[in-house]
1. In nm, give the distance between the simple-model label positions of H107 and E177, each being 7 Å from the Cα along the Cα-to-Cβ direction.
2. If packing is taken as the mean number of other Cβ atoms within 10 Å per residue, what is the order of 15-27, 45-57, 229-241, highest first?
3. Just grab the label-to-label distance for T212 and A56, each label 7 Å out from Cα along the Cβ direction, in nm (one decimal).
4. Kindly flag which residue pairs out of K127/K237; K25/K237; K25/K127; K31/K127; K7/K291; K25/K223 have an alpha-carbon separation exceeding 30 Å in this structure.
5. Quick one: 3J(HN,Hα) in Hz for the stretch 276-285, Karplus 6.51/-1.76/1.60 with θ = phi - 60°, rounded, Gly and Pro as x.
6. Which residues' amide hydrogens lie under 5 Å from the amide hydrogen of C202, considering only partners 5 or more residues apart or on another chain, with H built in the peptide plane?
7. Among 285-295, 134-144, how do they line up by average Cβ neighbours within 10 Å per residue, starting with the highest?
Amino acid sequence: MRMKKEKIIDVEMYRVVDDLNPFIKVNYVDKDAQEHNGLMMLDSGSNVNFLTNDIASAIGDLCRHDDTDLEITDSVGEIMQADFVHFSFAFGGIQFHEDFGIKKGCHLGYVDDLPIIGLLGNVFLQKYRLAIDYNNFTIHTSDISHANLCSDDCDFIFPMEIGLKNYGVPVLAIHHEGTDIAAIADTGSSANVVSIQCVNLCDLKCEYTKDTDTLRGLKGQSKGTWANVHFHLLTLKENGAESIPFHDSFLVIDHSVAEGYVINEQQQPIEGLIGSPFMANQGWVLDFGAKVIFRRNC
């Protein structure tokens, strides 16, 4: 079912403490015709939709594709196989019928009393031309065009096309002098992550703490050390690219963040994740209709 052109989506995010991830409240009907509510995470770092194991019992046998597996790359860069299913749900007054991967043993927990039943990846966001708007904390249909937005209207702007074409996810460029390193703009990540390779290549100033943590994906995990990191991101202006300084907390790990996103050997590996709390603090808009990440001038 295709969304009718006159249908405009504009719903508030279901917010959690510290804006760890963007959620939307959805409803669905199970195989017994019982209606339920749940949360779905909007995950720009995934190019597929994903359901948790908890929802598996709600899906009728006719919705399953037993002869088809789906490959999913998690945030640790590992690829896993998942069952392939068809699932119907609604939000913003619109009913959707989409394909999802489902993996036994995966649970995402609850927010308040609502279960997190899965995530919607960037292919879904592109298909329906949606924007994740951290400026007003809404999910809405893209309203951006060349007529109402130019680079000089923004204090930060970066195109998604580079990342979507080469990695299947939107990326940003961590910059140092003549070096640019790819980092995923990952709304599904509750933290910033950077590899020690990027720290060295971009000469990042890191104020390390004694705190360690584990980066967890759908399949694997990786340990790292927390640090306050000073870094630069590229932004595009009318007269060319510029470098903007930022600083924030990062989990520093000892390997590339997600080798699984690299499509061919000519591409550099992903060396960082810019997470949801940072983007929320910046008030960025990730517009998957116009395929641009931006913040208008204050």
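1. Result for the modelled spin labels: 5.1 nm.
2. Highest-to-lowest ranking by the protection proxy: 45-57, 15-27, 229-241.
3. For the pair T212/A56, the computed spacing is 3.3 nm.
4. Exceeds cut-off: K25/K237; K25/K223.
5. 4, x, 5, 5, 5, 5, 7, x, 6, 10
6. none
7. 285-295, 134-144
Quick note: the coordinates plus some simple rules give every number you see, no bench work behind them. The model shown is predicted, which means the values in this text are computed figures rather than measured ones. Using ideal geometry, Cβ is built from the backbone for each residue, glycine included, and neighbour counts are taken over all protein chains shown.
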